[in-house]
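A short write-up of the structure that comes next.
The numbers here are math on the coordinates, done by the rules we state, and not lab data. Quick caveat, the model's predicted, so the values are computed rather than measured. So basically every Cβ, Gly included, is an ideal-geometry build from the backbone, and we count neighbours across all protein chains shown.
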């Protein structure tokens, strides 16, 4: 999660960004979800079906559901989190209620003109996943089950909500079969939306600064470390170690490099026979991860 801005201007910018994401989410629903007769994931999936059957705006039902959840977040989770989530919920709800009075059929993507039935939900899932990931990284959320998840993790950090989220999404998918005319197509579209949304948001939450961490057990630590610093332009951490099989003193070099440098690192390591190394993926780097310039 991104660092919360400390300055007033930084906070204002963060709120503006979250409001912008809420506007994008409302347009996403109006252009890609509602015209294609399927329900997205979570609480908004239920409110989408309520709107489809009873013609009650998703903005109204979403706001009514989220008000008590926002109070819960304010009291038991985090007030900054609650405020930012409230901004998203209020802007999203207000705009969807307004857009219900505006005719957007001329630009909405719908399948009754022979267009692909998959592209609408696929686009909606990608956009929603991106919005979800970026809002979470700003210490907010899109409301609904995300608030409940934050509350449960605040009380029980070790708790897993995968079962609850799966049951809710499965319930939405099953209900959509009956709501949208006893057809399997809305169920499949809901699953496509859920899959793409979760993959995109997961990728954003893990971060885009992926790297590789090498840990090398060697007896030539100083020479190898010097080569890494001067040729790969990355710092190295050296840890003392002892080989239990050989009963000899060794060192462990820890180095995080860019992904495109893996071949160069392997070629360098091949020049030090007797060294042992393994590599693991780093989802995100934080702090001072810069190439050495001298």
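Worth a mention:
- Against the chain, whose longest principal axis is taken from its Cα atoms, helix 8-28 shows a tilt of about 60°.
- Calculated semi-axes √(5λ) of the Cα gyration tensor in Å (choose from (1) 48, 22, 19; (2) 28, 25, 19; (3) 35, 22, 20), label: (1)
- Highest mean packing first, where packing is the average number of other Cβ atoms within 10 Å per residue, the peptides 213-221, 27-35 line up as 27-35, 213-221.
- For 12, 58, 131, order by how many other beta-carbon atoms lie within 10 Å, fewest first: 12, 131, 58
- Rounded to 10°, Cα long-axis angle of helix 42-54 versus longest principal axis of the chain: 20
- Ascending count of other beta-carbon atoms within 10 Å, so fewest first, for 226, 80, 103, 146: 103, 226, 80, 146
- Relative packing of 258-269, 66-77, which averages over residues the other C-beta atoms within 10 Å, highest first: 66-77, 258-269
- Estimated [θ] at 222 nm from DSSP helical runs (n ≥ 4, -39500 (n - 2.57)) normalised by residues in the chain, nearest 500: -18000 deg cm²/dmol
- Helix 79-99 axis, angle to the chain major axis (alpha carbon atoms, nearest 10°): 40
- 183, 84 arranged by Cβ crowding within 10 Å, fewest neighbours leading: 183, 84
- Contact order for the chain, expressed relative to its length and based on alpha carbon pairs under 8 Å spaced 6+ residues apart, stands at 20 percent.
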